[in-house]
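The values are calculated or read from the model by the stated rules, or taken from the named source; none is laboratory data. All figures in this text were calculated on a predicted structure; none of them were measured in a lab. Neighbour counts are summed over all protein chains in view; Cβ atoms, including those assigned to glycine, are modelled from backbone coordinates with ideal geometry. Protein only, heavy atoms only, side chains kept; ligands, DNA and RNA dropped before computing areas. Shrake-Rupley method; radii C 1.70, N 1.55, O 1.52, S 1.80 Å.
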Amino acid sequence: MAADLAVLGARVRTLDPARPFADAIACQDGVVVAIGAEDVRRASDATTTVLDGTAATLTPGFVDGHQHLFQGAEITRGVDLAGVADFGELRARLAAARAQVGPEAWLLGHGVEYELFQGAPFDHERLAGVDGPGPMLLWAFDLHSCFANAAALRAAGVDGPREFGDAARIVCTADGRPTGELREWSAMNVVIDVVPAPSSEERRAWHVEALRAQNAVGLTAQHLMDGSPATADLLAALEADGDLTQRVWLHQYVYAHTGDDELDAMVATASRTGRLWRADGAKFMLDGVIDTGTAWMEQPDAFGDNTEPLWPDPETYSRRVAQLSAGGLRVATHAIGDRAVRHVLDTYAALPGGSRGRHRIEHIETAPDGIVARFAPEAVTASMQPVAMQWVQPDRSDPWSARLTPEQCDHGWRVGDLAAGGALVVLGSDWPVAHFDPRLGLYAARLRRGPEGAAPIGTTRPLTAEQALAGYTRNAWRAVGAAGGVLRPGWPADFVLWADDPVDCSPDALLGLPVLLTVVDGKIVHRADR
Ligand SMILES: [Zn+2]
């Protein structure tokens, strides 16, 4: 059998230490079968599709190490409110959106930045005259809060505070009237659950469109950070129809209120697998976000907040982790505050020895030296999103910095320190929180800022260009215990052809670097016209 696809003449960055560079690659049935022009010629015949990679650079396919594919595909259908800077502008944008969707329909939006409420907290009464008469639900950019109007609260039967079994809150005024702010998922879900669902055809079209758009910027796989046994059905259906154009490692989401029966169902689902997907991950959130005061820090912040975990009893979290780890699942825990990160490290360290190296921590937004030093020896993966530094200002005027000490700000997103210490660092976007484009992620990892940023965020080291590339490729596969992310014979044929070398080119050139070809499992899923 000859190779079905070959690329000749490219600079191939294999990420294989035994042979870091080559000039050609060939694959067959989804697997790399030859590296280097001579072997590729031998592996090919007249039936092989041969592509010319002259002057281009070929790397392993990019893996988004933390993403919300299905949520993102659905939430981003609403009006995009990213960058809206003041309440007047918010009112104008919502009035225009309301005119478009009609008076009675649900008005949905996303990308709301907390900066809008630094002067005064959200209250739907401030939107009177533009939000209704129909219901309205807006998502904060980080998916940790929603903002509902009176009609949406009515539709969901929300008329006061509620208990959720975790730290989520329906925010109310002193006299008990809900303001419309819903903090964290258990509270957000109360209103989300009454938004009319799109048809399954509509939903499928959105999912396929998102997968394709991501292929076009070089993504070949992702670690999907929210899901349930039903998400495994969704992946199986996409794959059966030939619509799954990325590998997906699904992490099933565990709430503080998730019961033993549901945990059993997750363990059963963990053994389900397709050609391109697995469901053997679990996702926990131990705290919220610094910007809303819901992260779990060692010390109260400047406003006296950020002192509580999302799970009222962190020991229950630790027990759930032990149960799922024993059931064979890889555990990913969202931990943003330093106290939360410490608790997760302690939880993982207490697991039986065989689970070493299997689990990971998401975000780690600010960490003292003592925490950073634990990752490598304890074999815990650091899954981080340097791209989030686009929302932080070097003058510390933003909602994240305003709550923290100068030292905590300096110790934000310590990707370079973690990598230098030998920790496995995986990079991702958290889309739809940030854009999924990995070129932005590489840029932020190398410069410690977004493209609009005036200066680097924090005082710690960035990643080198090579480390950043590894964070999106080889490290992401290692983190899920799979052989891949390195181009060598016998390994998965996922790769990207770039117009120039994403390692050697300047960060500015990186932002517009054309993606010529994306191959997943040996199949072309994106090809630019050249
Ligand atoms: Zn996330």
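What's the number of the only condition in (1) among the aromatic types (Phe, Trp, Tyr); (2) open to solvent by 10 Å² or more (accessible area, probe 1.4 Å); (3) more than 16 Å from the ligand (Cβ to nearest atom) that TRP391 fails to meet?
In the conditions (1) among the aromatic types (Phe, Trp, Tyr); (2) open to solvent by 10 Å² or more (accessible area, probe 1.4 Å); (3) more than 16 Å from the ligand (Cβ to nearest atom), TRP391 misses (3) alone.
Having 2 or more residues that are among the acidic types (Asp, Glu) and outside the structural domain of PHE122 (by TED's automatic domain parsing) is the bar; report the strands (runs of 3 or more DSSP E) wholly within region 32-97 that clear it.
On the way: elements: 49-52, 57-60, 62-67.
The strands (runs of 3 or more DSSP E) meeting that bar number zero.
Please list, ordered by first then second residue, the pairs with beta carbon atoms under 9 Å, 6 or more apart or interchain, first in region 330-342 and outside the structural domain of VAL480 (by TED's automatic domain parsing), second open to solvent by less than 10 Å² (accessible area, probe 1.4 Å).
Sorted first by the residue in region 330-342, then by its partner, the list stays empty.
Among the residues of region 153-210, what is the count of those that are of a type in the set (Val, Ile, Thr) and over 27 Å from ILE290 (Cβ atoms)?
3
Which of the residues belonging to region 236-256 are assigned to a loop (DSSP other than H, G, I, E, B) and within 16 Å of the ligand (Cβ to nearest atom)?
TYR255
One residue is enough: does region 57-74 have a residue meeting the conditions out of contact with any Ser or Thr (no Cβ under 8 Å at 6 or more places or on another chain) and more than 16 Å from the ligand (Cβ to nearest atom)?
Looking for residues that are out of contact with any Ser or Thr (no Cβ under 8 Å at 6 or more places or on another chain) and more than 16 Å from the ligand (Cβ to nearest atom), one finds at least one in region 57-74, hence yes.
Given the criterion of a type outside the set (A, V, I, L, M), farther than 30 Å from TYR114 by Cβ and open to solvent by 10 Å² or more (accessible area, probe 1.4 Å), identify the matching residue among THR59, THR49.
Unique residue meeting the criteria: THR49.
Return the residue satisfying two criteria in turn: it lies in region 445-454 and is out of contact with any Leu (no Cβ under 8 Å at 6 or more places or on another chain) and either modelled with pLDDT of 95 or more or not in a loop (DSSP other than H, G, I, E, B) (or both), and of such residues it is farthest from MET389 (Cα to Cα).
Keep residues of region 445-454 that are out of contact with any Leu (no Cβ under 8 Å at 6 or more places or on another chain), which gives 447-449, 452, 454.
Next, only the ones that are either modelled with pLDDT of 95 or more or not in a loop (DSSP other than H, G, I, E, B) (or both) stay: 447-449.
On the way: LEU447: 10, ARG448: 7, ARG449: 5 Å.
Looking at residues that are out of contact with any Leu (no Cβ under 8 Å at 6 or more places or on another chain) and either modelled with pLDDT of 95 or more or not in a loop (DSSP other than H, G, I, E, B) (or both), I get LEU447.
Strands (runs of 3 or more DSSP E) wholly in region 137-235 with at least 3 residues that are not assigned by TED's automatic domain parsing to the domain that holds ASP287 - which ones?
145-148, 169-172, 178-183
Does GLY9 fit the bill of being assigned to a strand (DSSP E or B), within 16 Å of the ligand (Cβ to nearest atom) and modelled with pLDDT of 95 or more?
On the way: assigned to a strand (DSSP E or B): yes; within 16 Å of the ligand (Cβ to nearest atom): no; modelled with pLDDT of 95 or more: yes.
For GLY9, the condition - assigned to a strand (DSSP E or B), within 16 Å of the ligand (Cβ to nearest atom) and modelled with pLDDT of 95 or more - is not met.
Out of everything in region 396-439 that is away from the ligand (no atom under 16 Å from the Cβ) and of a type in the set (Val, Ile, Thr), what residue ends up being nearest to GLU113 (Cα to Cα)?
It comes out as THR405.
Yes or no: THR316 exposed (fewer than 15 other Cβ atoms within 10 Å of the Cβ), touching a residue at least 12 places away in the same chain (Cβ under 8 Å) and under 22 Å from SER355 (Cα atoms)?
Answer is yes for this residue.
Name the single residue that is nearest to THR473 (Cα to Cα) among those in region 391-406 being assigned to a helix (DSSP H, G or I) and out of contact with any strand residue (DSSP E or B) (no Cβ under 9 Å at 6 or more places or on another chain).
Within region 391-406, the match that is nearest to THR473 (Cα to Cα) is TRP391.
Return the only residue of PRO399, PRO386, PRO432, PRO451 being open to solvent by 50 Å² or more (accessible area, probe 1.4 Å) and not assigned by TED's automatic domain parsing to the domain that holds PRO17.
Every option except PRO451 fails the conditions.
Residue under question is ALA150, and the condition is that it be open to solvent by 20 Å² or more (accessible area, probe 1.4 Å), over 30 Å from ARG474 (Cα atoms) and more than 23 Å from the chain's Cα centre (by Cα); does it hold?
Judged against the criteria, ALA150 is a match.
Among the residues of region 117-136, how many are crowded, with 20+ Cβ neighbours inside 10 Å and either within 16 Å of the ligand (Cβ to nearest atom) or assigned to a helix (DSSP H, G or I) (or both)?
The total comes to 3.
What number of residues within region 251-279 satisfy the criterion of being over 19 Å from the mean Cα position of the chain (by Cα) and of a type in the set (Lys, Arg)?
2
In region 150-172, what residues are touching a residue at least 40 places away in the same chain (Cβ under 8 Å) and within 30 Å of VAL392 (Cα to Cα)? Walk me through how you get there before you give the answer.
The first filter runs over region 150-172 and keeps only residues touching a residue at least 40 places away in the same chain (Cβ under 8 Å), leaving 152, 164-168, 171.
Hits for region 150-172 are ASP166, ALA167, ALA168, VAL171.
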